[in-house]
Structure formats: structure tokens, C-alpha cells
Amino acid sequence: MTIQQRTVKAAAELDGVTQKYRNRTALNIDSLTLLKGITALVGPNGAGKSTLMSILSTARRPTSGHVTIDGIPTTTRSHIVDARRVIGYLPQGFSVDTSFRVADLVAYAAWLRGIPGEEIPDATKKALEKVDLIDRSRDRIKKLSGGMLQRVGIATAIVGEPRLVILDEPTVGLDPRQRALFREVIRGISNAAVLVSTHLIDDVDALADRVVLLEDGEVRFNDTLETLKELAPAQHSAHSDLEAAYLVATSQ
Ligand code: ADP
Ligand code: MG
């Protein structure tokens, strides 16, 4: 490891993390480090993506192992509170009280994360500008389209500029135009470490600097997008090199 690498503080580090549901192991990760930039989390349904994301968000305590967020070991209650200040999390299929107004929901998310009260209005405005919903600030959530609702969810995850942004399947249900807008939003927050789960290979190709591939709760691949593409065989019948590479990496 070079000196430079050592001085870069990881946004998140997992060490020996396992999650068991009853007797079944849903996640088993020796070690995983998330750095600044966009990391796509991919893998079949049931691979453990949402479990991994909820553990990283500190919403779930793993069965065993250590989670360190921005240098903070999440061992005590007060450490977890500190860690949550730097984490933005959009759970899969998030649901909200639709009678909330857009800006109030985002402000509430900021408050939950411990952002000081006097900073919340400005942070809320910035987050809504990023997702291009500033004109809708006073609208009630129930008046929004699905794509807009998804963007409000992203605003709740990025308000206050957290160092670690975790978005679980944020493009589900979006049409192509909304997906393009979503990608623009994500590129605009790449100063953070952004972990995005998706089952759309197109999202990965358009967005990711790095790819983590999970299967059966284990990391099968963790490297750059380019390195993943190199796994594609010279001849294949998949739709793209990336899709072919994905099939190689998951066919164990
Ligand atoms: P993914 O997000 O990749 O589809 P999940 O993390 O949701 O995967 O699920 C991983 C595995 O753990 C699946 O087999 C799923 O059925 C199981 N699982 C997830 N959440 C729970 C839970 N709360 N209780 C029991 N089993 C669960
Ligand atoms: Mg999931």
C-alpha cells in the first residue's frame, strides 16, 4: 500500500461481516472497503444486496463482524449516532407519509441525521436543487409522479452532503428519461462514496467507477468497471461485453 492510499480515509469498511436469518447465512463478507466515487452493487435477487446496504447504513447490526464508517467504529450507541451523520440511505422500495410536503420530508431526513437545525433549510434547498425538484418544494408528496418521488427519496439521502450515500434500487420503475435524469443526479454527488444497487446493466455501464458483485451473500468481484468488462470472453452472445462479463463473474 502506498502512503497516499493509507492517508485516504475509507467511507466505509466491513471486516468479517456476516448476517444470518434464522440459521441461514445471507451475507458473508471477509472485507470490503468503499472509497469516494460511484460503486455499483449488483447480483441476482436474494444475493444479499439489501442486507449489505442496511448493515452499511447502520440500520441493521450484523450477526458478526465490524463496520467502520468514515473512520468511526460502529461499536457503541454514540459511535453509531456519529456515523449516521455521514450516511445517507435510501432503502429499497422506501415508503413515506404522502401527506408530507416535499421540503418537509427532506428537512425531516436532515434532522434525523443530526444536522444542526440552523443548517437544515439551506441543506434542504441544496438537496432539492440537485434533484431538480426545487419548484416542487411546497407540493405534497402524493401529488408527485413515481419518478419525482424517487428523486425526493434521493434528496433525503443526499441532504447535508453525507460522505457515504447508499441507494438501494433507486431506478426501479423509472422510465428512460427519468433514468437519465437520475444518472445526472448521481454524477453530481460523486464527491461522496456512492453505493448504488441495481439490476440494470445499463445503469452500471453509465454510472459506475467500480463494481461489487454479490452472489449467495459473498463478494464475487470487486474492482473497476473496466476490469469487469475484461472478463467478457472474446466471443459471446450476450447483449454487451459488460453483460457477458457479469455472466462469467456470477456463473460459479
Ligand atoms: P437482494 O437485495 O440482493 O435481493 P436481500 O438482502 O434482500 O437480497 O436478501 C438476501 C437473502 O436474505 C434472501 O434469501 C432473502 O430471502 C433473505 N432475507 C432478507 N431479509 C430477510 C429477513 N428480514 N428475514 C429473513 N430472511 C431475509
Ligand atoms: Mg434488495
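Would you point out which residue out of Ile72, Ile134, Ile87, Ile55 is away from ligand 2 (no atom under 16 Å from the Cβ) and open to solvent by less than 30 Å² (accessible area, probe 1.4 Å)? Before you say what the answer is, go through the steps one by one.
Working: Ile72 fails: open to solvent by less than 30 Å² (accessible area, probe 1.4 Å); Ile134 fails: open to solvent by less than 30 Å² (accessible area, probe 1.4 Å); Ile55 fails: away from ligand 2 (no atom under 16 Å from the Cβ).
On inspection, the qualifying residue turns out to be Ile87.
Considering the range 157-200 alone, what residues qualify as being on the phi < 0 side of the Ramachandran plot, assigned to a loop (DSSP other than H, G, I, E, B) and within 16 Å of ligand 1 (Cβ to nearest atom)? Before the answer, list the steps.
Start the filter on the range 157-200 by keeping residues that are on the phi < 0 side of the Ramachandran plot, which leaves 157-159, 162-168, 170-172, 174-200.
With assigned to a loop (DSSP other than H, G, I, E, B) added as a condition, the list becomes 159, 162-163, 170-172, 174-175, 188-192, 198-200.
Residues satisfying the conditions are Pro170, Thr171, Val172, Thr198, His199, Leu200.
Considering only residues that are assigned to a helix (DSSP H, G or I) and of a type outside the set (S, T, N, Q), look in the range 78-101 and name the one that is farthest from Gln150 (Cα to Cα). It would help to see each step written out before you state the result.
Within the range 78-101, the first condition is being assigned to a helix (DSSP H, G or I), and the residues that meet it are 78-84.
From what is left, the residues that are of a type outside the set (S, T, N, Q) are 79-84.
Numbers: His79: 30, Ile80: 27, Val81: 26, Asp82: 27, Ala83: 24, Arg84: 21 Å.
So, considering only residues that are assigned to a helix (DSSP H, G or I) and of a type outside the set (S, T, N, Q), the one farthest from Gln150 (Cα to Cα) is His79.
Go through the residues of the range 9-23 one by one and say whether even a single one is at pLDDT 95 or above, within 16 Å of ligand 2 (Cβ to nearest atom) and either open to solvent by 70 Å² or more (accessible area, probe 1.4 Å) or farther than 27 Å from Ile186 by Cα (or both).
yes
Do we have Asp205 as more than 16 Å from ligand 2 (Cβ to nearest atom), out of contact with any helix residue (DSSP H, G or I) (no Cβ under 6 Å at 6 or more places or on another chain) and among the acidic types (Asp, Glu) here?
On the way: more than 16 Å from ligand 2 (Cβ to nearest atom): yes; out of contact with any helix residue (DSSP H, G or I) (no Cβ under 6 Å at 6 or more places or on another chain): no; among the acidic types (Asp, Glu): yes.
Here the answer is no, as Asp205 does not meet what is asked.
Looking at Asp97, Asp82, which one is closer than 25 Å to Leu32 by Cα and open to solvent by 60 Å² or more (accessible area, probe 1.4 Å)?
Numbers: Asp97 fails: closer than 25 Å to Leu32 by Cα.
Going through Asp97, Asp82 in turn, just one is closer than 25 Å to Leu32 by Cα and open to solvent by 60 Å² or more (accessible area, probe 1.4 Å): Asp82.
Hey, Arg60 hits all of (1) open to solvent by 40 Å² or more (accessible area, probe 1.4 Å); (2) at pLDDT 95 or above; (3) out of contact with any helix residue (DSSP H, G or I) (no Cβ under 6 Å at 6 or more places or on another chain) but one; which does it fall short on?
Tallying (1) open to solvent by 40 Å² or more (accessible area, probe 1.4 Å); (2) at pLDDT 95 or above; (3) out of contact with any helix residue (DSSP H, G or I) (no Cβ under 6 Å at 6 or more places or on another chain), Arg60 fails exactly one: (3).
Hey, could you check the range 167-184 for residues that are open to solvent by 10 Å² or more (accessible area, probe 1.4 Å) and in contact (Cβ under 8 Å) with a residue 40 or more places away in the chain and say which is farthest from ligand 2 (Cβ to nearest atom)?
Leu181
Scan the range 24-47 residue by residue and report those that are under 12 Å from the mean Cα position of the chain (by Cα), within 16 Å of ligand 1 (Cβ to nearest atom) and either more than 12 Å from Glu215 (Cβ to Cβ) or free of Cβ contacts under 8 Å to residues at least 24 places away in the same chain (or both).
Thr39, Ala40
The values are calculated or read from the model by the stated rules, or taken from the named source; none is laboratory data. Everything numeric here is computed off the predicted structure, so don't read it as measured data. Positions of Cβ are generated from backbone atoms using ideal geometry, with glycine treated the same way; all protein chains shown enter the neighbour counts. Surface accessibility is based on the protein's heavy atoms, side chains included, excluding ligands, DNA and RNA. Shrake-Rupley method; radii C 1.70, N 1.55, O 1.52, S 1.80 Å.
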